[in-house]
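Peer 1: Below you'll find the structure I mean.
The values are calculated or read from the model by the stated rules, or taken from the named source; none is laboratory data. Since this is a predicted model, take the numbers as computed values, not measurements. Every residue, glycine as well, gets a Cβ built from its backbone with ideal geometry; the counts of neighbours run over all protein chains shown. Note: accessible area is taken over every heavy atom of the protein model, side chains too, but ligands, DNA and RNA are not part of it. Shrake-Rupley method; radii C 1.70, N 1.55, O 1.52, S 1.80 Å.
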Amino acid sequence: MPSETLWEIATAEVEKRGSNGSEGNGVETGEKSVFFIGSKNGGKTTIILRCLDRDEPPKPTLALEYTYGRRAKGHNIPKDIAHFWELGGGTSLLDLISVPITSDTLRTFSIVLVLDLSKPNDLWPTMENLLQATKLHVDKVMMKLGKKNAKAVSEMRQKIWSNMQKDHPDCELIDPFPIPLVIIGSKYDIFQDFDSEKRKVICKTLRFVAHYYGASLMFTSKSEALLLKIRGVINQLAFGIDKSKSTCVDQNKPLFVTAGLDSLSQIGSPPVPDNDFGKLHAHSPMELWKKVYEKLFPPKSINTLKDVKDPARDPQYAESEVDEMRIQKDQELEQYKRSSSKSWKQIELDS
């Protein structure tokens, strides 16, 4: 009988943890999961290490990586456990989103989307592809869970809407993400040197997207003060610590907006000249903001954003010794093909 693959073992372990962590009654346990997705080389690993107080240099993420953290509740009380998952490769490995998100883990799951502010032309397609793929999978898992435990799904939906005030004027205009979502803009130290108009468009766009999805939004960099604020937000997702109620929407400072505390009236309309507004045809507010954003920051060509299907050719996984051997073998293969071709042509001439 063939042995199990590494992915089969990992998937079984995730399902085991999920089943052991809940009894199917919708009650949260001492285990939570936080899934980091986002821009390639955007700083996801750095944020995780900072949250776990690990003083070590970040390494490139290989596909899907897992680590965990513990936090003591009190004397003689079992420690809370936080499971941290990280998806590497930007948008090139979307199929792996389904590995950590299961019907057993969904009720204690959160998403952290890290976007590289220093690359505004890649920001929208990265955000759109990752959020759409994640939401599609979460919706499928919720539907599956709802057939077995409708009460749990109902409680999840109520919890998401609880971040919004009952009399909030935007309740009919937004569509909260099905599970807790935090959007982090990284590399603010580079972003703060951008032209004022560009910073305005990026800030307003991200505020709209975060508010529409009922998400928290914040900017960070290598600054210790900003990393501490991010750590507090992640600890709230991972260990249930009280979340901050502070807000900063000044485009000249790092944004920090807790879910439910922004509004469409404060964000304002998309920053587009009046003479161009009538030329933009959109079927939804999200599509309108996309068109306005991409007018100033057109996405790179399809070729440059094309998903890397062959990991052996992805520079993220470069290994000098292995790559040198691969080149040598490729050269030997090409030589074999040429010699074989000459041999067949000689046979045809002889015949």
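Peer 1: Leaving out ligands, DNA and RNA, and with a 1.4 Å probe, what % of the accessible surface on the range 29-296 is carbon or sulfur?
Peer 2: 51 percent
Peer 1: On to the next question. What's the local net charge at CYS203, with K and R +1, D and E -1, over the other residues with C-beta under 14 Å away?
Peer 2: Result for the local shell: +2.
Peer 1: Positive end of the dipole of the range 29-296, charges at C-beta (+1 Lys, Arg; -1 Asp, Glu), about the Cα centre: which of TYR188, PHE84, ILE97 has its Cα farthest in that direction?
Peer 2: Going by the charge dipole, the pick is PHE84.
Peer 1: Kirkwood Rh, the range 51-163, all Cα pairs: how many Å?
Peer 2: 16.5 Å
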